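Heads up: the structure comes next, in structure tokens.
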Amino acid sequence: MAPTKQFYAISCINVGVGPGGTTSMLARIAIVDYRGNTIVDTYVAPTMKVTEYRTATTGIEPAHLSSRNAVAFNTVQQHVANIIKGHVLVGHSIWNDLSVLGIPHPAVDTRDVALYQPFRNALRSPNHIVGLQTLSWQLMCRRCQESEQNPLENARAALDLYRSDAVNWEDAIRHGSWPCALPPSTFSRCYI
């Protein structure tokens, strides 16, 4: 298995923009290292008018994104691109994170717990994406996302899921048998 320093886990929290707030825009991002230490945890200043803060699930309020602590999107985007370049990215539905960041990442350098076939098979859901909350509870008896989503908690939960079967996951890859389903084809631009 690759050295632990090569792995980062990521999670993004999004707000809604546009009519009805249905288009996602990055509002907070967290990245942790293989041990779960915080590398990045920041609010992101909006680039468009937010029409739906999704506060009940995101915990994001207007003050979070208008404070001096909210970092400009292009600054966050460049910083994150520099951090993850050349590293393996762990997460849940990573294509959503890469999409709102506007950053592509090599598919071979992703470990997406939402797509990992042994997890899907264990929950008898081989063709469906299982939520992080369900995966964490069913496979690790760990609660997460019980109220507002916290990207640090989400990144650490995805990382712990990965680490729970990392040896088998990496063995499968080493032997040329990619153990994950494909992400939705509409997000193919997120991978290089």
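Mind checking which pairs have a first residue in the stretch 63-83 that is of a type in the set (S, T, N, Q) and a second that is part of a loop (DSSP other than H, G, I, E, B) and open to solvent by 100 Å² or more (accessible area, probe 1.4 Å), Cβ under 9 Å, 6 or more apart or different chains?
none
Going by the structure shown, is ARG120 open to solvent by less than 60 Å² (accessible area, probe 1.4 Å), touching a Phe, Trp or Tyr at 6+ places or on another chain (Cβ under 6 Å) and touching a residue at least 40 places away in the same chain (Cβ under 8 Å)?
No: the conditions fail for ARG120.
State all residues of the stretch 117-156 that are within 14 Å of the chain's Cα centre (by Cα) and either at pLDDT 90 or above or among the charged types (D, E, K, R) (or both); if no residue qualifies, say none.
If the condition is that a residue be within 14 Å of the chain's Cα centre (by Cα) and either at pLDDT 90 or above or among the charged types (D, E, K, R) (or both), then ASN150, PRO151, LEU152, GLU153, ASN154, ALA155, ARG156 are the ones that fit.
If you scan the stretch 172-192, which residues turn out to be in contact with a Pro (Cβ under 9 Å, 6 or more places away or on another chain) and either among the hydroxyl-bearing types (Ser, Thr, Tyr) or open to solvent by 50 Å² or more (accessible area, probe 1.4 Å) (or both)?
Initial filter on the stretch 172-192 (in contact with a Pro (Cβ under 9 Å, 6 or more places away or on another chain)): 172-173, 179, 181, 189-192.
Answer for the stretch 172-192, where residues must be in contact with a Pro (Cβ under 9 Å, 6 or more places away or on another chain) and either among the hydroxyl-bearing types (Ser, Thr, Tyr) or open to solvent by 50 Å² or more (accessible area, probe 1.4 Å) (or both): ARG189, TYR191, ILE192.
Do you know which of the residues in the stretch 35-58 that are of a type in the set (Ser, Thr, Tyr) and either open to solvent by less than 30 Å² (accessible area, probe 1.4 Å) or assigned to a strand (DSSP E or B) (or both) is farthest from GLN149 (Cα to Cα)?
Per the criteria, the residue is THR51.
Quick one: which of VAL15, VAL90, VAL80 is buried (at least 21 other Cβ atoms within 10 Å of the Cβ), assigned to a helix (DSSP H, G or I) and under 16 Å from the mean Cα position of the chain (by Cα)?
Result: VAL80 is the single residue among VAL15, VAL90, VAL80 that is buried (at least 21 other Cβ atoms within 10 Å of the Cβ), assigned to a helix (DSSP H, G or I) and under 16 Å from the mean Cα position of the chain (by Cα).
Given the criteria more than 22 Å from ASP41 (Cβ to Cβ), open to solvent by 50 Å² or more (accessible area, probe 1.4 Å) and in contact (Cβ under 8 Å) with a residue 60 or more places away in the chain, does PRO126 qualify?
Details: more than 22 Å from ASP41 (Cβ to Cβ): yes; open to solvent by 50 Å² or more (accessible area, probe 1.4 Å): yes; in contact (Cβ under 8 Å) with a residue 60 or more places away in the chain: no.
Considered against the rule, which asks whether it is more than 22 Å from ASP41 (Cβ to Cβ), open to solvent by 50 Å² or more (accessible area, probe 1.4 Å) and in contact (Cβ under 8 Å) with a residue 60 or more places away in the chain, PRO126 comes out as no.
Among the listed residues TYR8, TYR53, identify the single one that is in contact (Cβ under 8 Å) with a residue 12 or more places away in the chain and either more than 13 Å from ILE103 (Cβ to Cβ) or over 16 Å from the mean Cα position of the chain (by Cα) (or both).
Every option except TYR53 fails the conditions.
Go through the stretch 60-76 and report how many residues are under 18 Å from LEU101 (Cα atoms) and open to solvent by 40 Å² or more (accessible area, probe 1.4 Å).
Selection size over the stretch 60-76: 5.
Among the residues of the stretch 18-30, write down those that are in a strand (DSSP E or B) and within 16 Å of SER99 (Cβ to Cβ).
THR23, SER24, MET25, LEU26, ALA27, ARG28, ILE29
Confirm whether PRO151 is within 30 Å of GLU61 (Cα to Cα), touching a Cys at 6+ places or on another chain (Cβ under 8 Å) and open to solvent by 50 Å² or more (accessible area, probe 1.4 Å).
no
The values are calculated or read from the model by the stated rules, or taken from the named source; none is laboratory data. Since the structure is predicted, the reported quantities are computational estimates derived from the model, not experimental observations. Because the Cβ atoms are built from the backbone with ideal geometry, glycine has one as well, and the counts that use them run over all protein chains shown. Heads up: the accessible areas ignore ligands, DNA and RNA and are worked out on the full protein's heavy atoms, side chains in. Shrake-Rupley method; radii C 1.70, N 1.55, O 1.52, S 1.80 Å.
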